[in-house]
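Engineer: Take this structure first; my questions come after.
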Amino acid sequence: MASNFFVAFNFYAMLSTAASFAISDLGVSETRGGIGSGIFVVGALLARIFLARYASRIGFKRTLFIGIGSLIVFTALLLVVNNFWFFLLVRFFGGMTFGINNNTLMTMVSITLPAGRKGEGVGWFSLSQNLGMALGPFFAVSIMHQSGFKNVFLLVTTVAIAAFVVIIFVSNPEDTEQNASAPLPDHARGTAVLPPEERGIWRFFERNAVNIAILSIILYACNSNYMSFAAISVSETGAATLSSAIFLVSAGIMLVSRPIIGKLFDRNGPNRILVCGFIIYAAGYFLLSRGIIPAFLPAAALIGLGISALQGATLPIVVINAPKHRLTIANATYFFALDFGAAIGPIFGGQIVEHTNYGTMYIVCAIIVALCIPLYFGVLARKPKPLM
């Protein structure tokens with residue numbers, strides 16, 4: 001949890017300030033600013049597809065040392081960025097390190113959780129990510145307004161170093177079945193016959209996670225617009241002091257609600273949680289679209305509670321449905337969807353803002369989230385397998 005907190009702090013601190021840095025210091029448009037924010041996530045999703053599956057073969061702890069060590073390097077390079085293309089390059093490779101680190105940590109936790117308490121266990125572990133989501137943007141946006149981006153980059157570099165130190169105290173999970181998810185050695189390729197569910201594209205994705213992954217792409221495309229543009233849109237109304245507080249409120253609500261949602265999932269299943277989550281999440285975006293100061297903090301609270309409910313129900317479904325030896329691939333599939341949604345969200349969001357305004361963008365997000373209710377029940381709904 002400690003190492004995951006520092007990795008998440010680094011990620012969300014940069015996600016909430018990258019677009020602002022690109023627009024204000026590098027002089028690019030809102031669309032390019034969105035690309036500057038989203039390219040980090042593109043690197044993360046590619047790492048999940050092609051690299052995360054090798055973690056069990058390399059060793060989880062060794063993978064974390066490599067991944068977090070690389071995160072330090074690419075975060076520190078932000079201190080010398082002087083043009084947009086260099087910024088994109090640094091963000092892309094930094095994103096790859098995040099994808100490896102986040103997926104490896106989640107897989108290690110998934111292996112060790114008791115079968116009958118997956119929802120609760122994932123909820124508790126997710127608190128570390130929610131705490132990073134709260135404090136990362138809060139401190140980053142505050143520092144951005146008070147002393148500029150260089151100090152933001154110093155902060156996230158220091159946090160990456162802290163993550164590396166903490167990894168020393170992380171133990172490898174002892175699970176022999178997990179080794180089954182490792183790639184075959186070179187001399188065995190061509191002689192072993194993989195089962196159908198692990199051939200072709202399914203070497204990189206888990207079939208049982210695809211439906212939930214599709215839903216998660218949509219949800220996190222909206223969430224990334226909130227993370228990337230909320231500080232800018234709130235500041236434009238003259239409420240600069242609230243531009244950091246909204247992240248603290250939304251993530252604080254997530255901190256409180258996730259363990260409760262996890263228990264409700266283990267007791268009642270996902271459907272009620274998801275319906276409530278869709279409604280609350282859409283309401284948060286609708287309230288944010290009003291662009292009035294009294295609505296900002298309530299909107300942040302609703303968005304935090306909504307995404308907490310939605311992630312608290314979707315991630316345990318993936319963990320429960322996946323074969324144990326495919327947990328690494330299942331987690332990679334789920335977080336690939338989150339990364340992909342987070343990558344494309346600011347790009348399309350930036351386009352909407354350029355041609356209209358922030359309020360319209362948030363209205364579009366609210367409509368998309370509301371449409372996820374019939375999408376889930378009509379196409380994607382799938383009950384988790386019985387807990388063993």
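The values are calculated or read from the model by the stated rules, or taken from the named source; none is laboratory data. Note that this is a predicted model, so its numbers are computed, not measured. Methodologically, a virtual Cβ is constructed for each residue, glycine included, from the backbone with ideal geometry; neighbour enumeration extends over all protein chains shown.
Engineer: Go through the residues of region 11-18 one by one and say whether even a single one is closer than 23 Å to Phe205 by Cβ and in contact (Cβ under 8 Å) with a residue 12 or more places away in the chain.
Structural biologist: yes
Engineer: Check Ser224, Ser233 and return the single one that is at pLDDT 80 or above, in contact with a Phe, Trp or Tyr (Cβ under 8 Å, 6 or more places away or on another chain) and under 30 Å from Leu288 (Cβ atoms).
Structural biologist: Numbers: Ser224 fails: in contact with a Phe, Trp or Tyr (Cβ under 8 Å, 6 or more places away or on another chain).
That would be Ser233, the only listed residue that is at pLDDT 80 or above, in contact with a Phe, Trp or Tyr (Cβ under 8 Å, 6 or more places away or on another chain) and under 30 Å from Leu288 (Cβ atoms).
Engineer: Would region 317-339 turn up any residue that is touching a residue at least 24 places away in the same chain (Cβ under 8 Å), more than 19 Å from Val234 (Cα to Cα), assigned to a loop (DSSP other than H, G, I, E, B) and among the hydrophobic types (A, V, I, L, M, F, W, C)?
Structural biologist: yes
Engineer: Of the residues Ala251, Ala239, only one is on the phi < 0 side of the Ramachandran plot, crowded, with 23+ Cβ neighbours inside 10 Å and among the small types (Gly, Ala, Ser); which? Full working, then the answer.
Structural biologist: Numbers: Ala239 fails: crowded, with 23+ Cβ neighbours inside 10 Å.
Just one listed residue meets the conditions, Ala251.
Engineer: For region 70-91, what are the residues that are of a type outside the set (Val, Ile, Thr), without any contact (Cβ under 8 Å) to a residue 24 or more places away in the chain and surrounded by 14 or more Cβ atoms within 10 Å (Cβ to Cβ)?
Structural biologist: Residues satisfying the conditions are Phe74, Leu77, Phe86, Leu89.
Engineer: Taking the condition among the charged types (D, E, K, R), touching a helix residue (DSSP H, G or I) at 6+ places or on another chain (Cβ under 8 Å) and either modelled with pLDDT of 80 or more or under 17 Å from Phe40 (Cβ atoms) (or both), does Arg91 pass?
Structural biologist: Answer is yes for this residue.
Engineer: Do you know which of the residues in region 259-295 that are in contact with a Ser or Thr (Cβ under 9 Å, 6 or more places away or on another chain) and not in a helix (DSSP H, G or I) is surrounded by the most Cβ atoms within 10 Å (Cβ to Cβ)?
Structural biologist: Per the stated criteria, the residue is Pro270.
Engineer: Can you tell me how many residues in region 109-126 are in a helix (DSSP H, G or I) and more than 17 Å from the chain's Cα centre (by Cα)? Write out each step before concluding.
Structural biologist: First, the residues of region 109-126 that are in a helix (DSSP H, G or I): 109-112, 115-126.
Filter again for more than 17 Å from the chain's Cα centre (by Cα), leaving 111-112, 115-121.
Summing the residues that are in a helix (DSSP H, G or I) and more than 17 Å from the chain's Cα centre (by Cα) in region 109-126 gives 9.
Engineer: Next question, about the same structure. Between residues in region 26-42 that are within 16 Å of Phe86 (Cα to Cα) and residues that are in a helix (DSSP H, G or I) and among the basic types (Lys, Arg), which pairs lie under 7 Å by C-beta distance while being six or more apart or on different chains?
Structural biologist: Partner pairs satisfying both residue conditions: Gly36/Arg91; Ile39/Arg91; Phe40/Arg91.
Engineer: Now for a different question. Looking only at helices (runs of 4 or more DSSP H) that lie completely in region 21-91, which have at least 1 residues being under 18 Å from Ala160 (Cβ atoms)? Working first, answer last.
Structural biologist: Details: elements: 30-50, 55-58, 60-76.
So the answer is 30-50, 60-76.
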